[in-house]
Every structure is written in C-alpha cells, then in structure tokens.
1. Pick from Tyr90, Tyr36: which is within 20 Å of Cys284 (Cα to Cα) and modelled with pLDDT of 95 or more?
2. Under the condition of being within 12 Å of the ligand (Cβ to nearest atom) and not in a strand (DSSP E or B), which residue from segment 250-266 is surrounded by the fewest Cβ atoms within 10 Å (Cβ to Cβ)?
3. Answer yes or no: is there a residue in segment 112-119 that is in contact with a helix residue (DSSP H, G or I) (Cβ under 7 Å, 6 or more places away or on another chain), under 17 Å from Leu49 (Cβ atoms) and more than 9 Å from the ligand (Cβ to nearest atom).
4. Suppose we keep only residues that are closer than 23 Å to Arg121 by Cβ and charged (D, E, K, R) within segment 41-56. Which one would you say is most open to solvent (accessible area, probe 1.4 Å)?
5. Suppose the filter is in the same structural domain as Leu313 (by TED's automatic domain parsing), of a type in the set (Ser, Thr, Tyr) and in contact with a helix residue (DSSP H, G or I) (Cβ under 8 Å, 6 or more places away or on another chain); does Thr47 pass it?
6. For Thr266, are the conditions met, namely being free of Cβ contacts under 8 Å to residues at least 40 places away in the same chain and hydroxyl-bearing (Ser, Thr, Tyr)?
7. For segment 98-126, give me each residue that is in contact with a Gly (Cβ under 6 Å, 6 or more places away or on another chain) and either free of Cβ contacts under 8 Å to residues at least 24 places away in the same chain or closer than 26 Å to Glu294 by Cβ (or both).
Amino acid sequence: MSFKVPKGTQDILPGQTEKWQKVERVIRDLCNVYRYNEIRTPMFESTELFQRGVGDTTDIVQKEMYTFEDKGGRSLTLRPEGTASSVRAYVEHKMFGSADQPVKLYYTGPMFRYERQQAGRYRQFVQFGVEAIGSKDPAIDAEVMALAMDVYKTLGLTELKLVINSLGDKETRDAHRAALVEHFAPVKDELCADCQSRLAKNPLRVLDCKVDAKHPAMATAPALTNYLTADSATYFADVKKYLDILGIPYEVDPNLVRGLDYYNHTAFEIMITGDGFGTITTLCGGGRYNGLVEDIGGPESPGIGFAMSIERLLLALEAKGIELETENNLDMYVVAMNEEAKAKAVELVANFRKAGITAEMDYLNRKMKAQMKAADRQAAKFVIVLGESELEQQAVNVKTMATGDQQQVAFADLASFVQANK
Ligand code: HAM
C-alpha cells in the first residue's frame, strides 16, 4: 500500500519552502509599509457565511465547497476564500468601532476549493489577501491595487497587466440585469442548464460561464459599462486618476466581471503576460464590496480587497525564469577526525549556535573527505577540521571556502571571528 497526497494538494519540501518563506517575508514587509495588519481566522466557518457572503449562485458555493457536518450537526465549510471570514470577524469584533478607520487587514493561509485539477489550480492553495474596510475613497482602491502590484514587482515579476473594470452601484446592476435578461431571453434554450438558472437568479454570472463562452449571444451581450450611473462613472474616473498618480499602468476591460457575488464598483485582476503557465493567466483578483458588511449583519462599511495565491505567484516566477534569492546559509561546518574531536565539535557547534551562527556537523561518523563534501554541498562559508593537534593547541585553522584562505583562531575566539567575517 502506498499513500499519495490528495488530488489537488501538494507537499512543499525543503528547497521549495525557502521560496515560500521569501515570498511571505516580502508580503509581511510590504503590508507593514502600507500599514495593513494581519488577521488570522479559522480554517472553517459556518456554511451559511459563504452562501451569504460569496453568493449562492457562484461556482464556488454551488460546486466547489468542502462542506461537512460536524458531530454536533452543524454545517461547516472549509473556507474557499478569505473575504467573508474577514468581514465576519470585522462585524463580530465590532472593528467598525475602532478609532483607526479604515480597518486595513491582511491574511495568508490555505483556502479550499473542489475544482478541476489543472496547472495553477489546486484544491488547497494559499492565498495572500488584504481587505480595507470602512472607506469608500477611490484613493484606497488605487492603494490596494498598488500593493498587489508591488508584491510582484519586489519579487522581480514585471511582465504583468492590471485589468480593471467598474461594476457600478446597485442602480447600475439592476438596469444591467434587466438588459441581460432581455438579451438572453430569445436564446435561453441554447444555454447550459446552469446558465438558465443563472439567468433567473443572477444574470451577470452568465457572462462568466465557461461552457457557453463561445455562444454568439455572449459577444453581443450588453456591457455593464453602458449602464453606469453618473456617480459610479465619477467613482471609476477617480480610481483611474489615482492609478495614474501612482504611475500604475492599467487596461480597462468592460467584460471583467469576477466570479464572486459581493463586488460592485471597482473590479480588477492582475494577469501574467507573455509566456504563462497553461491556460491560467490570472495571478490576482479583487474588487470593492460595498454592502457585504451589511449582508453579514454589520453597519454600513464599504470595503475593498484582493487575493492572490502563492502557488500561482511561484509558477509565474518559474515561467519567467526568475530565481528567488533565498536565505538558507550555512556559516560554519565543523569537521571532526576522531572520537575526541567529535566531542569538541559538539561543544563548538553548540557555541556557534548560541552566538546566532548557523553551524552543522557530521552525525554519520563519516570520513573526513565525506564530511568536507557535505560542507561543500551545503555551501558552508567556513570550515574547521578538528584533529589531535587542534585539540592540543586549543586552536584551529578557519578555512574561508570562497577564497581558500586559512587563518588560525583560538577556540575561545571562534564565534567572534566568524561573526566579524561572515
Ligand atoms: P478569487 O478571484 O476567487 O477572489 O481568487 C483570488 C486569487 O486566488 C486568484 O487570482 C488566484 O491567484 C487564487 N486562486 C483561486 N483559486 C485558486 C486555485 N484553485 N488554485 C490556486 N490559486 C487559486 C477571491 O478569493 C476574493 N476573496 C478576493 C478578494 C479579496 N476580493 C476582495 N477582497
């Protein structure tokens, strides 16, 4: 019997984890600079939260949730995304009452969607996301987009395209909805079963359908942009103005609708350009969700945010041949020639580590040559070889591996020597 990771999940092994840590450091540093604070919410929530928050007619809620009943008979769902949970926490902990508004949150953690497996699409994936709740200033829409772009830029990914659209306000949506129903009514029978029910419940979702994407009525469907109210159009113009001020290029795509129900006004995605990975080109998605806080039982608090998966970010870096500089540095490898030297090696390695110096030694009783090879493989900066004479003199030659230079240092001074020269 052999066991494998469940379909759509992956083990992240040493060698890869350093890249994840690097990405996580960049994220934390940038969030600090932009003044977003971390929130950690449970991996599962009541199923109803996502039905209400993400929306009953979305693919996520209809097809992709990992829903189960616990022993107490409650229906729970592994979170498919982080916005609904963040908003739930915002309401539950009355963060709307905090003196610092808007409340700027970020999170990183696993999300779960039962999706068809393909490159860049996993059933467990890690999202980094931010949510700015409590402001409807178009400048914060631009800030949120700038932060997402900054993450990629800092990691060296520049072949990117920011695509934006406005989904307008409720009035816009109602007018557009009526136009969509009218447009698709004559061809209703030619659409897939899902779309037929979407047409009744949430016609905007029809535009998002993968099955009917090529139906001729899709291309001629009324664009939401034509139904923008004056206020919505002004809001969108202001968002663009602030993006211009920030020097962030963007493209407007009137067909960008996004797959979650809570959006209005600004919607955006960041796509990889040129060579991507398979058919997936979207690295990040987000938008404004005025009204979601009320839907979840809080007071009027407009919000905006985005999420990106670390998996897709790393795939994009790989597709572009970008190597991340990772931190896995060995300062000192201590080679021991015999039993007595080994006892000293144990002591010295412990001393190095106490001084914050990364240190390693052999635990397989290998010959000196094999120990030297191990030091090489691990790219040790310095190596010392302990034998009889070193023990006698209480000093050892410290070899700098990059140059081959050697310098004699007393045991007692080793840690400070390495500190000063590493
Ligand atoms: P979303 O578009 O569903 O939006 O997902 C955002 C990002 O999560 C995608 O662009 C992609 O990077 C990643 N992602 C989604 N599904 C998968 C998957 N199966 N495998 C790998 N990566 C995936 C949201 O989740 C919203 N909560 C974003 C948001 C936050 N809007 C406002 N605030």
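1. Within the list Tyr90, Tyr36, the selection yields Tyr36.
2. Looking at the filtered set, the residue picked out is Gly259.
3. No, every residue in segment 112-119 fails to be in contact with a helix residue (DSSP H, G or I) (Cβ under 7 Å, 6 or more places away or on another chain), under 17 Å from Leu49 (Cβ atoms) and more than 9 Å from the ligand (Cβ to nearest atom).
4. Among residues in segment 41-56 that are closer than 23 Å to Arg121 by Cβ and charged (D, E, K, R), the one most open to solvent (accessible area, probe 1.4 Å) is Asp56.
5. So Thr47 does not fit the description; no.
6. So Thr266 fails the test.
7. Gln101, Pro102, Val103, Tyr107
Residues are listed down the side, and each one gets a yes or a no for (1) closer than 28 Å to Pro222 by Cβ; (2) at pLDDT below 95; (3) more than 16 Å from the ligand (Cβ to nearest atom):
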position	(1), (2), (3)
Ala132	no, no, no
Ala139	no, no, yes
Thr158	no, yes, yes
Glu171	yes, yes, yes
Ala175	yes, yes, yes
Pro186	yes, yes, yes
Cys192	yes, yes, yes
Ala200	yes, yes, yes
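The values are calculated or read from the model by the stated rules, or taken from the named source; none is laboratory data. Predicted model, so just to flag it, every value in this text is computed and none were measured. Positions of Cβ are backbone-derived with ideal geometry, glycine not excepted, and every protein chain shown enters the neighbour counts. Only protein heavy atoms, including side chains, enter the accessible area calculation; ligands, DNA and RNA are left aside. Shrake-Rupley method; radii C 1.70, N 1.55, O 1.52, S 1.80 Å.
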